[in-house]
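Chemist: Take this structure, written in structure tokens, and hold onto it; I'll ask about it next.
The values are calculated or read from the model by the stated rules, or taken from the named source; none is laboratory data. Here the structure is a predicted model, which means the values were calculated and not measured. What goes into the accessible areas is simple: the full protein's heavy atoms, side chains included, and nothing from ligands, DNA or RNA. Shrake-Rupley method; radii C 1.70, N 1.55, O 1.52, S 1.80 Å.
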Amino acid sequence: NNFNYALDNRFFYIDGVVTKSIEKEDSTTLYIKDVLLDGNKKGPNIYTYYNGYYNFKIGDKVKFSTKLYITKNKKIPGRFNFYNYLMAKDLFSYSYANNISNKGVSEKHLLKLQRSFDELIKSRVSNFNENLSNFLYSASTGRNIINLEIKDEYRDLGISHILAISGFHIMIIYSSI
């Protein structure tokens, strides 16, 4: 039901809430949920490529206009399947945006808690050098912000499993708080 192909390749005004923000060197990827299309119609959750300079946080209410694309299940054996990736993240469409307005912060308690935890971890690790800070943040939150070069080094050394969240990581967070 979430894959409404009648919405595909159409222009909409989007209102929604950021549930995840992944910053990269040249862009940011936002997971946007609680979507309203044109201010009144419930829409599918969106995976958005953002080329602007504003750093969005979990729980930010956003508004922007864009063309919406509904993913299709194109299976090419042995290749990355974007459809399955989005399905696993509870996202059903994608878009590209250059201008997104921040319209406040969501009142949902879980998002407020995630946002507070995220800010607490960022403040605790900010005194370290960038690589160590990114590693500690990634290990604590499960949101991977380690640059690609360092990730490759972890893979080559065979220790990339350290970046996965486990009970050990939860105990480190619990004891530091």
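Chemist: Stretched out fully, how many nm does the piece from residue 9 to residue 87 gain, at 0.36 nm a residue minus the Cα gap? Walk me through the intermediate numbers first.
Modeler: Numbers: separation 78, 0.36 × 78 = 28.08 nm, distance 1.90 nm.
Value of the extension gain: 26.2 nm.
Chemist: Okay, helix-only estimate at 222 nm for the chain: each DSSP H run of n ≥ 4 adds -39500 (n - 2.57), divide by all residues, round to 500 deg cm²/dmol; what do you get? Kindly include the intermediate steps, with their values, before the conclusion.
Modeler: Details: 5 runs with 56 residues, N = 177.
Dividing the helical sum by the residues of the chain leaves -9500 deg cm²/dmol.
Chemist: Taking amide H positions as placed 1.01 Å from N in the peptide plane, with prolines and chain starts having none, which residues 5 or more places from residue 35, or on another chain, fall under 5 Å of its amide H?
Modeler: 43
Chemist: Follow-up. Highest GNM mean-square fluctuation, the chain, Cα pairs closer than 10 Å: which of 125, 105, 18?
Modeler: 125
Chemist: Please calculate the 1.4 Å probe accessible area of residue 34, with all protein chains present, and give it to the nearest 10 Å².
Modeler: 70
Chemist: Once both axes come from the Cα atoms, what is the angle between helix 130-141 and the longest principal axis of the chain, in degrees from 0 to 90, rounded to 10?
Modeler: 70
Chemist: Something else about it: Listed here are the pairs 61/122; 67/112; 42/108; 41/67; 20/67; 74/108; which of them are more than 27 Å apart at the Cα? Spell out each step's value before the answer.
Modeler: On the way: 61/122 21 Å; 67/112 29 Å; 42/108 18 Å; 41/67 15 Å; 20/67 20 Å; 74/108 35 Å.
Beyond 27 Å: 67/112; 74/108.
Chemist: Calculate one ³J(HN,Hα) per residue across the range 103-111 by plugging θ = phi - 60° into the Karplus curve 6.51 cos²θ - 1.76 cosθ + 1.60, and present them in order as whole Hz with x for glycine and proline.
Modeler: 10, x, 10, 4, 8, 5, 5, 5, 5
Chemist: What are the ³J(HN,Hα) couplings of the range 15-27, residue after residue, when phi is run through the Karplus curve with 6.51, -1.76, 1.60 and θ = phi - 60°? Round to Hz, x for glycine and proline.
Modeler: Once rounded to whole Hz, the list reads 10, x, 10, 6, 10, 7, 10, 10, 8, 10, 4, 10, 7.
Chemist: While we're on this one: On a 1.4 Å probe surface of the protein chains, which of 119, 107 comes out largest in accessible area, and what is the full order? Each step should come with its number before you reach the end.
Modeler: On the way: 119 75, 107 120 Å².
Of 119, 107, the descending order of accessible area is 107, 119.
Chemist: Express in nm, to one decimal, how much length is gained between residue 109 and residue 124 on full extension, taking 0.36 nm for each residue of separation and deducting their alpha carbon distance. Walk me through the numbers before you get to the answer.
Modeler: Working: separation 15, 0.36 × 15 = 5.40 nm, distance 2.25 nm.
Using 0.36 nm per residue and subtracting the Cα-Cα distance, I get 3.1 nm.
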